[in-house]
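One structure below.
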Amino acid sequence: MRYAVGTWFGLIQANGCIVLDPEIEPTRIHTLWSVLSAGAGFSEVVQALVAGGDIDSLPGFAVLVREKQGYHIAVRGCLAVSATTSEGVVKIQGKRVVTWREEAIVDPLTLSVFVDDCESAQPQWPLKEGIVLVSKIDVCGSGEPMGETGQTTLMPNDDYLNTDSSLDSGDDHDGLTVMGVDDADDHDGMTIMGPVAPTRPPPVPPPTQPMVLSRVCPQCGTANSTRRVQCRACLSKLRGDAVQTTRPPLGKVRLPSGDIIPIDHPIVIGRKPEASRFSNVDIPVLVRVEDPHVSSTHLRVDLEDWSVLITNLGRNGTILRREGETDRRFTDGEQVIAQVGDVYCLSADLNLVILELT
Amino acid sequence: MITPTLTVATCSNMGQKRSSNEDAILASCPVFIVADGMGGHDGGARASSIAVEVMSQLTSVPRVEDVRDALTRARLEINELQVGDTKRAAGTTVSGLVLVEQAQCPYWLILNLGDSRTYRLTRSGITQISVDHSEVQELIDSGNWDDVVASQYQRRHVITRVLGAHTVECPDYWLIPVQGPERWMVCSDGLTQELDDERISQILSRETSAQDAADALVESALAAGGRDNISVVVVDVHDTDMTLDEVTIDDVGAWVDTLEEEHS
């Protein structure tokens, strides 16, 4: 699946996804995550969602669970699901219903769930499983192959394919690198740079430091998360539209060594930690620990907009101790949104503590 | 930090079809890179040599930030080149390794802009560490294409990121601990468009000497057509001891149990 960043919780698993109101209590997210992770069917997930509450207190949600013939879907609140099937486009709105809307979609070619007004968002981040803040999720189609139940056939135009084997004998396409300017007359064997791939997004100039959408305090100028209504520094009421600002440190952590550092870069912890594919703006801090129970690359702290995400990469998993909850072990690339006070245990002796969050 | 012992070899050839070599190589500790220039007139050759020249100013053990800043300096210089052809502004790919230090240990900083490539050879074969900035790669990543379709794509030489060409550079990096014995290979796309990964892997595994490996790769690519400039850098790491032991324990049921008991 792919997602666009937003403020709603998106719980993504191979068998489906759940989108939840930003105001929902974290314990319910955990419950639903366990249910979804356990491979529950549609009715079990919905049951877990509505359990114990009366209808009025239900949060906005969308549930999309994969079944043999396609997807079973429930939507409530300011969310909508849009699907294309061989018979046309289906849209399921969650607004103005007392309970929820339910629908089964057979073999969708594309299937997306989005927060109202975010239909045009372009999901760009692929995710196999995890909990992220979303405005839209492409479940299948739009670049997400659906596997055996549905076939998305998004082939490039024939123009782009070498169908007549003229590639090597032809005029300019003699096997040399080009960075595409205009396609027209330029391929004489030089490297050129190019736009105009069938699916390529327009080029965006890369920032030199991480930027984030913020509400800037009119009183003290502090950048705040877009989810705040009061300034985190001076408690003044926030007014006006959000703007792009450089991102402040998102908090403080205590490393296994006891050192306390700001969360202003990704952090990778392990016996011989590796960092893969990062850019100029997210150069990671590598932290080495010597403990045979810890994997060579065990835990990663990432900054995503205003959230701090913790990903387990260790073979033995990481135990999360969180106030008011039973200890939970997360494994295999599983990701958790950090909360203040969280203790992430890499082994019996080594842990990472979230001391502060912005 | 223990400095690893390295053996380095390079080989570059104009190819069978080209009249100039726009590739440039830097293989001097701590920097091992290949740059494949692009642009009208001699812009490509000048861009790739600027990249190599500026990167050669990195000495001893640079920080990641130093490498980043060197790339920025190179870009500014390349963008000033007057090549008299606005449509084909000068630029260059850059791919390769820089020896850096992280947490008191030697690390390889792998960097990439464009479609030159950096490979690591291990017992199980080669792994391409860099990810091409090319239209083809983006189409594969989007999930719509498989390798077979991609290999027939006419615009497969179109790259999407570059150093220079009036763009702001946006390199990708990886940090991997130096763990000898290991072999790294950096090359321009003149090699990879002639030889597939399996062939490259065979040659790199077969040749024990770094220079023989570099030469054999270039020879094979020439024999396969040699349509573009071909440049190869091979880096062998000899020292194995990097201060960390190799202990790995798969099962930690023990500590998990203790933890849960303590807490309950």
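Go through A:K68/A:K128; A:K95/A:K136; A:K68/A:K91; A:K68/A:K95; A:K128/A:K252 and tell me which ones have a Cα-Cα distance over 25 Å in this structure. The answer is A:K68/A:K95; A:K128/A:K252.
Positive-end ranking of B:L76, B:Y119, B:I129 along the dipole of region B:69-180, with charges on Cβ about the Cα centre, is headed by B:Y119. For the pair region A:94-119 and region B:130-204, the centres of their Cα atoms are 39 angstrom apart.
Rounded to the nearest 20 debye, the dipole size of region A:297-358 about its Cα centre is 240 debye, using +1 on the Cβ of Lys and Arg and -1 on the Cβ of Asp and Glu. With each label modelled as a point 7 angstrom along the Cα→C-beta vector, the B:H238-A:M211 pair spans 5.0 nm. For A:D349 and B:Q104, the FRET efficiency from 1/(1 + (r/R0)^6), where r spans their Cβ atoms and R0 equals 22 Å, is about 0.60. Couplings 3J(HN,Hα) of region B:31-45, computed from phi: 10, 9, 9, 10, 10, 10, x, 9, x, x, 6, 9, x, x, 5 Hz, in residue order, whole Hz [Karplus 6.51 cos²θ - 1.76 cosθ + 1.60, θ = phi - 60°; x for Gly and Pro]. Averaged over the residues of peptide A:237-249, the number of Cβ atoms from other protein chains lying within 10 Å of each residue's Cβ is 0. Sequence-ordered 3J(HN,Hα) estimates for region A:96-109 from the Karplus curve with 6.51, -1.76 and 1.60 and θ = phi - 60° stand at 6, 10, 7, 9, 7, 8, 10, 7, 10, 10, 8, 6, x, 7 Hz, glycine and proline given as x.
Mind ranking A:327-336, A:226-235, A:108-117, B:73-82 by how tightly packed they are, going by the mean number of other C-beta atoms within 10 angstrom, highest first? Please report the intermediate quantities before stating the final value.
Numbers: A:327-336: 16.3, A:226-235: 13.8, A:108-117: 22.1, B:73-82: 18.2.
Descending packing order for the listed peptides: A:108-117, B:73-82, A:327-336, A:226-235.
Once R0 is set to 22 Å, what does the formula 1/(1 + (r/R0)^6) return for the Cβ-Cβ distance between A:E67 and A:E119, expressed as a FRET efficiency to the nearest 0.05? Write down the numbers at each step before the final one.
On the way: r = 24 Å, r/R0 = 1.11.
My answer for the efficiency is 0.35.
Partner shielding of B:107-114 amounts to 2, given as the average count of beta-carbon atoms from other chains within 10 Å of each residue beta-carbon.
Among A:R215, B:R63, which comes first, then next, by fewest other beta-carbon atoms within 10 Å? Spell out each step's value before the answer.
On the way: A:R215 23, B:R63 14.
Least to most surrounded, the residues fall as B:R63, A:R215.
With 0.36 nm allotted per residue and the present C-alpha distance subtracted, the B:R199-B:S56 stretch has 48.4 nm of extension available.
Work out the mean other chain Cβ neighbour count within 10 Å for the residues of B:156-166 and drop it here as an integer. Mind showing how you got there, number by number?
Values: counts 7, 14, 15, 8, 8, 4, 6, 0, 2, 5, 1.
Per-residue shielding by partner chains comes out at 6.
Each value in this text was obtained by applying a stated rule to the coordinates, not by laboratory testing. Since the structure is predicted, the reported quantities are computational estimates derived from the model, not experimental observations. Cβ coordinates were reconstructed from backbone atoms using ideal geometry, including for glycine residues, and neighbour counts include every protein chain displayed.
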